[in-house]
Amino acid sequence: MMHVCDARSRCRSVGVPVLGQDSILEPLCFPDLAAEDCGASSLQRPSTELLPCPLCCQSAPLPQKDALLKHLLLEHKLVIADVRLIADLPKYMLHWRGRFREQPVTDFCSVIKTNSTGPVEKQEDYLLLCDVLPEDRSLREKLQQKRLEEVLEQQQRERDDSSFHHLCMFCSEEFTGNRSSLLNHMAREHSFSIGLPDNIVYCSDFLDTLQAKLDNLQCLYCEKTFRDKTTLKDHMRKKSHRRINANNHEYDRFYIINYLELGKTWEEVQSEDDRELIDDEDDDWSDWQAHPVSAVCLFCDHQSETMDQIYAHMKDAHDFDLHKVKMELNVTLRLSADLGFYQQVKLVNFIRRQIHQSHCYGCQEKFKSRADVLHHITAAGHVMKLPDTSTWDQPQYFFPTYENDGLLCTLSDSDEDERDETPHGEDIPVIAEDISNLRALKQTSVLNHLLKSRGSCC
């Protein structure tokens with residue numbers, strides 16, 4: 001049986017709630033920070049295939065996989081890590097259904113115990129199936145490789161297909177034969193390019209998807225809807241919007257590059273290729289800029305790119321001083337330094353979850369809506385009121401309430417930061433060793449005495 005030892009490594013990929021009437025059973029994301037779904041789910045073709053439960057006879061249509069994952073959590077207390085990165089979820093489930101019939105589930109799954117410091121009757125064990133297990137990792141890689149082979153075969157069939165027939169979306173000219181004739185025509189005559197023909201797969205589906213958007217009077221780039229075709233055409237021409245939106249992951253499954261390496265976007269794959277070309281060049285990082293991580297306020301939708309900014313906002317706008325909270329907890333917990341990384345993670349996730357569930361984190365009172373609980377927290381003066389440490393310092397709060405919570409990424413271990421910020425070589429005396437009489441120094445050396453003692457022993 002395997003046990004989870006490093007919660008930090010898994011806290012961003014799996015969410016295990018404490019079951020009850022306020023359980024969080026679906027992945028949550030901040031509306032303005034929707035996590036890019038660059039996994040297998042964005043590459044799936046529409047399908048009515050059934051998704052079987054690996055532990056019982058239940059099943060669900062593939063598009064309703066969230067319902068089956070909820071069933072696994074509620075009925076079997078089983079969580080599958082990184083589901084979105086599994087290339088063929090039905091085959092994955094069938095494989096583990098067979099294996100679970102041969103051996104106990106605990107032979108394959110890590111065990112997560114919630115409320116481990118609480119009463120025994122309130123403790124629950126959850127099972128985590130993830131690629132830490134070599135068999136699971138091997139299965140995921142085989143499914144990924146098989147799908148890549150299928151996609152490459154499909155692309156080759158489209159290259160050789162001479163029965164292609166489609167109308168141009170902009171001038172209604174008819175094209176038959178090879179798909180490249182239509183794609184080259186749209187790029188040359190209408191300045192609309194979706195990429196080189198050899199980089200595209202499921203081309204007919206791709207063109208039908210784009211045509212449906214235009215038929216619904218939707219701009220392909222900004223995706224705004226207009227009142228008639230004339231207005232739409234003028235908009236796309238004047239705004240140079242005759243291109244597709246690269247951030248719309250609906251298009252991911254139409255590009256071969258997205259199948260090459262599971263879990264990576266085409267931008268990441270392309271950047272790796274670019275780095276290989278410049279390996280021989282001098283490394284110059286002078287113009288490198290880090291991509292900012294937006295942290296969202298605990299109480300509203302305000303975003304900031306640094307911890308200092310989000311601290312200042314919460315203090316000014318909501319009277320919530322996180323620095324003061326940490327100092328008060330230091331006294332309560334009798335700590336010699338600030339809260340460590342793991343305790344900060346649990347504190348933030350606890351507050352996030354309570355507010356999401358419309359609970360006051362100070363008095364645990366339940367309200368009808370998020371707005372009501374925020375009004376109560378302010379009116380009752382509970383902004384800076386935290387419950388007993390045992391309430392929030394629990395293992396289940398290692399797991400984020402929101403999958404894309406940038407605030408967790410900005411947290412740091414204060415002790416490590418202070419050590420990093422300590423100026424080196426400033427007002428620190430360095431006393432040199434006196435080597436004026438080197439011969440005397442060698443004769444009185446501790447090592448010399450040890451060697452003599454060792455020789456006498458022999």
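The values are calculated or read from the model by the stated rules, or taken from the named source; none is laboratory data. Note that the coordinates shown come from a computational prediction; the quantities given were computed from them, not determined experimentally. With ideal geometry, Cβ positions are generated from the backbone for all residues, glycine too; neighbour counts draw on all protein chains shown. Just so you know, the surface numbers come from the protein's heavy atoms only, side chains and all, with ligands and any DNA or RNA stripped out. Shrake-Rupley method; radii C 1.70, N 1.55, O 1.52, S 1.80 Å.
For this structure, a couple of remarks:
- Taking a straight Cα-Cα cut-off under 26 Å and skipping sequence neighbours fewer than 8 places away in the same chain, the lysines within cross-link reach of K213 are K224, K229, K233, K238, K239.
- Structural size metrics of region 133-215, computed from C-alpha coordinates, are Rg and Dmax of 16.5, 55 Å.
- Residue-normalised accessible area of region 56-182, given per residue in Å² at a 1.4 Å probe: 53 Å²
- Taking other residues whose beta carbon is less than 10 angstrom from the beta carbon of W392, and scoring Lys, Arg as +1 and Asp, Glu as -1, yields 0.
- For the set Y311, Y342, the ranking by accessible area, highest first and with no ligand, DNA or RNA atoms included, is Y342, Y311 under a 1.4 Å probe.
- For region 57-163, the number of Lys pairs separated by eight or more positions or lying on different chains, with C-alpha atoms closer than 23 Å, is 13.
- Kirkwood Rh and Cα Rg combined as Rg over Rh, evaluated for region 86-154: 1.16
- Efficiency of FRET from Cβ geometry, K146 and C56, R₀ 25 Å, rounded to 0.05: 0.40
- Heavy-atom accessible surface of region 113-186: percent carbon and sulfur, 1.4 Å: 49 percent
- Taking every alpha-carbon pair in region 115-179 and binning the separations at 5 Å intervals from zero gives 4, 13, 9, 9, 9, 9, 8, 7, 7, 7, 5, 3, 4, 4, 1 percent.
- Amide H contacts under 5 Å for N115, placed H, 5+ residues apart: Q396
- Reachable lysines, given that their alpha-carbon falls under 20 Å from the alpha-carbon of K385 and they are not under 8 places away in the same chain: K315, K324, K326, K346, K366
- Less than 5 angstrom separates the built amide H of F320 from those of K315, all sequence-distant by 5 or more or on a different chain.
- Region 306-321 - phi-based ³J(HN,Hα) in whole Hz, Karplus 6.51/-1.76/1.60, Gly and Pro as x: 10, 5, 4, 5, 6, 4, 5, 4, 5, 6, 6, 8, 10, 6, 9, 9
- For S59, the residues whose amide H sits under 5 Å from its own are C53, ignoring neighbours fewer than 5 places away on the same chain, with H placed 1.01 Å from N.
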